[in-house]
Amino acid sequence: MAEVQIAPKEVIYCEVCSFPPEYCEFGGTFNKCKAWLEEEHPQLFQSLYSADALAAATSSLSLEKEEKISQDLQKKRRKEEKKQERELQQKLASKVLIKKIARTKRKQVIAISGLEVFNIDMKKLAKTFASKFATGASVTKNLEKKDEIIIQGDVGDEVEQYILELLEKDGLTEVKVEQVDEKPKKKKPTAPGTGTGNATST
């Protein structure tokens with residue numbers, strides 16, 4: 001007995017919101033979705049949104065409800081736009097600090113801080129620096145409990161140029177990148193009579 005071949009059901013997806021047309025009302029572009037559906041698939045549009053279909057489908061949106069959803073979505077979009085604007089202003093007001101720290105007379109390390117607000121993968125960037133400069137690089141916590149990248153070697157100028165190019169790709173050319181020299185703290189002189197040598201008993 002020959003097997004009955006069942007053709008797979010073709011599913012149409014909206015090119016505006018990517019949902020099946022039956023679910024476009026739950027997205028944020030309902031009116032645009034309807035316009036696209038009416039133009040590209042008029043028969044499906046009629047089955048979903050004709051006067052008879054709307055009257056028969058109790059779950060269909062009324063015009064008032066559709067308008068309310070549209071207004072709510074507009075409020076959400078405005079709220080999101082304001083959030084994005086605040087985040088952009090925060091980024092532009094931030095400063096990336098590149099500190100040159102002398103470990104010994106001949107050795108230096110570079111500490112990079114201030115990158116956390118730019119959504120940069122610090123560990124990935126540290127690996128990039130390690131490969132680019134053929135040196136050690138790692139992510140640690142600074143005194144403010146924030147991530148910073150430590151790079152072995154005097155590569156401050158190269159790091160500054162790389163970060164400037166990285167920010168420029170995201171249109172953040174106004175962000176300030178500053179290099180500073182951090183001198184090691186001088187040890188306080190030991191007061192007389194407070195040495196740490198072991199006492200000899202007799």
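For Gln108, the residues 5 or more places off, or on other chains, whose built amide H falls under 5 Å of its own are Arg103, Gly153, Asp154.
For region 11-57, the set of chymotrypsin sites (Phe, Trp or Tyr not before Pro) satisfying both a DSSP loop assignment and a count of at most 15 other C-beta atoms within 10 Å is given as Tyr13.
Bridging of Lys141 to aspartates and glutamates at a Cα separation below 15 Å is possible for Glu116, Asp121, once same-chain residues fewer than 8 apart are set aside. Please give the Cα centre distance for region 140-184 versus region 68-138, rounded to the nearest Å. So the two Cα centres are separated by 10 Å. Under 20 Å of direct C-alpha separation, and excluding same-chain neighbours fewer than eight residues apart, Lys107 reaches these aspartates and glutamates: Glu148, Asp154, Asp157, Glu158, Glu160, Asp181, Glu182.
Cross-link check: pairs Lys105/Lys145; Lys95/Lys146; Lys95/Lys145; Lys124/Lys145; Lys100/Lys127 evaluated at a Cα-Cα cut-off of 21 Å; pairs beyond the cut-off: Lys105/Lys145.
For the pair Glu38 and Asp157, the difference between a 0.36 nm per residue extended length and the Cα-Cα distance amounts to 37.0 nm. Within the accessible area of region 94-182, the carbon and sulfur atoms contribute 45%, probe 1.4 Å, all protein chains present. Using Cβ point charges alone (K and R +1, D and E -1), the dipole size of region 118-177 about the Cα centre works out to roughly 380 debye. Extension gain for Lys132-Lys107 works out to 7.1 nm (0.36 nm per residue, less the C-alpha to C-alpha distance).
The values are calculated or read from the model by the stated rules, or taken from the named source; none is laboratory data. Everything numeric in this text was worked out from a predicted model, so none of it was measured. No Cβ is skipped: glycine too gets one built from the backbone with ideal geometry, and neighbour counts run over all protein chains shown. When the accessible area is computed, the model is the full protein with side chains, heavy atoms only, and any ligands, DNA or RNA have been set aside. Shrake-Rupley method; radii C 1.70, N 1.55, O 1.52, S 1.80 Å.
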